[in-house]
């Protein structure tokens, strides 16, 4: 099916997908841990077996999108090591404890009622994502482990790659005897499919959008279904007056340059004004020599003629590229104020040897992930020991930060009585 499909045909397809997902969700909610793990391990084996086919499909996607920026190309590109990482990710998800059925709390009431709060799957999860084909494996695997059916809608630019990966997930389901509708991929690049997904209130329980600002804004505007919002990652690293220079150099360069296209990449470097002569020139030089464009405030421009002037817009920009904005601030309070004004509540880090400054930063920075003396690139469910993640939620309800298997569950209360009636 191609994007020439007439919308009524798309509507029929989406209707079928929705009904299939609802039935599969019921079946998957009752599936044993062994069955789910069997599907995950079989899917990992299928990914390894099909690596060449997946890379061929990815080459087709890359050829069809010659105008992509370097950052977006990196997000779309699959290599044999990235396919292997997807397979390992599924194995790690299989190794995680099964959250379904776990008793979170239990207590007795004076009237003899025994009340337990127990984890249950959410139901059907809709995932709308752009460019990164590996999300197909990560999101599919996490939904499967947490007992949720998934409707995956990948970006049109990664269509062939995502379909090839999805085929491996289907092999895993078949091997474990689970219905194929547990993990479905929207089989069209027609954008009408996204609009239809966002209205499927009777079918989809939560939508997870992963992508650029325009996708997120569209989803927020149109969705009638609750969201795990994954807003942009406008991440900051603040180098405090009491920072160790060697540590700051290592962390800042890694936080920006390890992979510039990930949501945990640092976009703004804040430096304590006390360090204008000692640390700032060295940090700026490191970034420039690593191939990063530096846009700075007036003080930062004086330390190297290669620094370009930063505009007001720079402080509010998620570059996802080898570009960083740099600003001097008045101590930890100045850094916190800057982050409160421009940040996206995603991930922010302080580099300092001063425990009081670190404690203030931890207490006052209102982000899903706040780090001390570590790179913002650790903003990742895999790095948190969650196996993988479906996204990083910058909202505050239900799930916040990396969304792993536990965050993909809800709970219910099981109340055991012996004939009690309410007076």
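Since every read-out is calculated from the coordinates, none of them should be taken as a lab result. Since the model is a prediction, treat every value here as computed from it, not as a measurement. Ideal geometry is used to build each Cβ from the backbone, glycine not excepted, and the neighbour counts take in all protein chains shown.
Considered as a group, the residues in segment 315-341 that are part of a helix (DSSP H, G or I) and touching a residue at least 40 places away in the same chain (Cβ under 8 Å) include one that is farthest from residue 356 (Cα to Cα), and that residue is 316.
Scan segment 255-273 and tell me whether some residue there is assigned to a loop (DSSP other than H, G, I, E, B) and farther than 22 Å from residue 343 by Cα.
Narrowing segment 255-273 to residues assigned to a loop (DSSP other than H, G, I, E, B): 258-265.
Now narrow it down to the ones that are farther than 22 Å from residue 343 by Cα: none.
So far as segment 255-273 goes, no, none of its residues is assigned to a loop (DSSP other than H, G, I, E, B) and farther than 22 Å from residue 343 by Cα.
Any residue in segment 353-367 that is closer than 28 Å to residue 304 by Cβ and under 22 Å from the mean Cα position of the chain (by Cα)? For segment 353-367, residues closer than 28 Å to residue 304 by Cβ and under 22 Å from the mean Cα position of the chain (by Cα): absent.
Any chance segment 231-254 includes a residue that's under 27 Å from residue 409 (Cα atoms) and in contact with a helix residue (DSSP H, G or I) (Cβ under 7 Å, 6 or more places away or on another chain)?
yes
Note on segment 50-63: residues that are over 24 Å from residue 40 (Cβ atoms) and either in contact with a helix residue (DSSP H, G or I) (Cβ under 7 Å, 6 or more places away or on another chain) or surrounded by fewer than 12 Cβ atoms within 10 Å (Cβ to Cβ) (or both) total 4. Selection over segment 274-296 of residues that are within 34 Å of the chain's Cα centre (by Cα), in a loop (DSSP other than H, G, I, E, B) and more than 24 Å from residue 263 (Cα to Cα) gives a count of 1. At least 2 residues being in contact (Cβ under 8 Å) with a residue 12 or more places away in the chain and surrounded by 22 or more Cβ atoms within 10 Å (Cβ to Cβ) is the threshold, and among the strands (runs of 3 or more DSSP E) wholly inside segment 346-423 those reaching it are 347-351, 369-372.
In the condition set (1) in contact (Cβ under 8 Å) with a residue 12 or more places away in the chain; (2) more than 20 Å from the chain's Cα centre (by Cα); (3) not in a helix (DSSP H, G or I), residue 106 is compliant with all but (1). Going by the conditions given, is residue 223 under 25 Å from residue 160 (Cα atoms), within 21 Å of the chain's Cα centre (by Cα) and either surrounded by fewer than 15 Cβ atoms within 10 Å (Cβ to Cβ) or without any contact (Cβ under 8 Å) to a residue 60 or more places away in the chain (or both)? No.
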